[in-house]
Amino acid sequence: MMAERSGFFNGRQLRDQDGQPLLHEDGSPRFDREYTAAEFADMFSLYLTNGIRNGGDNLRVAADNGMFVRVLPGDGMINGYFYKLLDDGRTFQIDRNVGTGARVDRVVLRLDLRQDEGRTISLELKRGDTSLTRTNEIWELALADISVPLNFTNLTQAQITDRRLDPNLCGLIHSLVGIDTTNLLAQIDSYFKQKQQLWDSRASEYNTWFEGTSSQWNGWFNQVKAEIFAQANTFFDDWSRRIGFSYETEFFPNNPGGFRITETLLNTTTRATLATRTTQFNPAGTEMTETIIWSEPQINANKSTVFQNNRIIETVS
């Protein structure tokens, strides 16, 4: 059988067979829907975490006069039970340290569920004790630690270490209401892994295709560049092709990089530059570089000629 719990609902007063109200031992009426404080706390703990309500001065421990500290007003929550400190807060007197070493006191917010002396949340000072009690009946949140030097008689804020924002010791109250994204993230992760596998497969296919195509394309392109250079050179070297063009040549024998010749092909009518060819010899005369720049269509080709003894090596790029 499935166990279900729900609440909270208005109660209906219980009566005996004669229609008389049924009463508790203390004389209060009995109802068919009665709830405990623990059930209310259980409800609140579904939606709110332990801690103080916010930062700032909320339940902040501050140095007061002499050996006193003051816990400033504020609110807190422990395991679904709420706490509120009003008015001017609460002060604690710190005992002088007359021992043999340094002492650290801790101010805590304590939930006490013991039926006899408990059923409350209160501020407590733990002298020389920085532990936290956390059991089914008692649960403590640390607000501050107070360092007490030997024979010290005037505490300052420097001796107080705020512990309120440490989530392991206290922390801020925040909502537990949210979306459980575990399954959603798993689905998203699976989706991206599938897409990654598909992409990797297609990338591999593309790389294989590109490597083969790239090799073919480079061979074709190198051949085209050589043909373009040969065609462009023809316009400069075969005067029968230069009908309607003007041809000018300049020599630069004292060029710092070596002897240079610049040839320019122009439209005879408009004097617009159609192409230029620059021939550069290195100072030793062992290498010649030719560069052709053609305007329409745009052509940029280079030929390097190296003279090695009885060999001539030409490279077109």
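The values are calculated or read from the model by the stated rules, or taken from the named source; none is laboratory data. Remember, it's a predicted structure, so these values are computed and weren't measured experimentally. When we count neighbours, we look across all protein chains shown, and the Cβ atoms used for this are built from the backbone with ideal geometry, even at glycine. Areas reflect the complete protein model, heavy atoms only, side chains present, ligands, DNA and RNA absent. Shrake-Rupley method; radii C 1.70, N 1.55, O 1.52, S 1.80 Å.
Tabulated results
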| quantity | calculated |
| --- | --- |
| Ranking by accessible area, most exposed first, for Val148, Val316 with a 1.4 Å probe | Val316, Val148 |
| Cβ-placed point charges (K, R +1; D, E -1), dipole of the chain about Cα centre in debye, nearest 20 | 680 |
| Karplus (6.51, -1.76, 1.60) ³J(HN,Hα), θ = phi - 60°, over the range 310-316, in Hz, Gly and Pro reported as x | 9, 10, 10, 10, 10, 10, 10 |
| Point-to-point label distance, Glu314-Asn151, nm (Cα→Cβ direction, 7 Å offset) | 10.5 |
| Mean accessible surface per residue for the range 28-144, computed with a 1.4 Å probe while every protein chain stays in place, in Å² | 54 |
| Rounded to 5, the percent of DSSP beta bridges in the chain classed as antiparallel | 95 |
| With Cα atoms, 0 to 90° folded angle of helix 182-237 axis to the chain main axis | 10 |
| Residues with amide H under 5 Å from that of Thr133, placed H, sequence gap 5 or more | Glu140 |
| Only Lys, Arg (+1) and Asp, Glu (-1) charged, at Cβ; the range 67-136 dipole about Cα centre in debye | 200 |
| Carbon plus sulfur fraction of accessible area for the chain, probe 1.4 Å, in percent | 51 |
| Stretchable slack from Ile293 to Ser131, in nm (0.36 nm times residue separation minus alpha-carbon distance) | 49.8 nm |
| FRET E, pair Asn282, Ala203, Förster distance 45 Å, beta-carbon r, rounded to 0.05 | 0.45 |
| Exposure rule at most 13 other beta-carbon atoms within 10 Å, DSSP loop GluC sites (Glu not before Pro): the chain longest free segment | 138-317 |
| Radius ratio Rg over Rh of the range 13-71, counting only Cα atoms, Kirkwood formula for Rh | 1.37 |
| Karplus-derived 3J(HN,Hα), 6.51/-1.76/1.60, for each residue of the range 102-107, Hz, glycine and proline x | 5, 10, 10, 9, 10, 9 |
| Scattering curve values for the chain, log₁₀ I(q)/I(0), Debye with Cα scatterers, q = 0.11 Å⁻¹ | -0.94 |
| Virtual paramagnetic centre 7 Å along Cα→Cβ of Gln216, amide N under 16 Å, in the range 194-210 | 206-210 |
| Two-site FRET efficiency, Ser190 against Leu46, from Cβ-Cβ distance with R₀ of 45 Å, rounded to 0.05 | 0.90 |
| Helix-only [θ]222 nm of the chain, DSSP H runs n ≥ 4, -39500 (n - 2.57) each, per residue, nearest 500 | -7500 deg cm²/dmol |
| Normalised per residue, the volume of the convex hull around the Cα set of the range 122-218 (Å³) | 271 |
| Rg and Dmax [Cα atoms of the range 104-172; Å; Rg one decimal, Dmax integer] | 13.3, 40 |
| Solvent-accessible area of Met77 with every protein chain in place, 1.4 Å probe, in Å² to the nearest 10 | 20 |
| Convex hull (Cα only) mean projected area of the range 1-131, reported in nm² to one decimal | 13.9 |
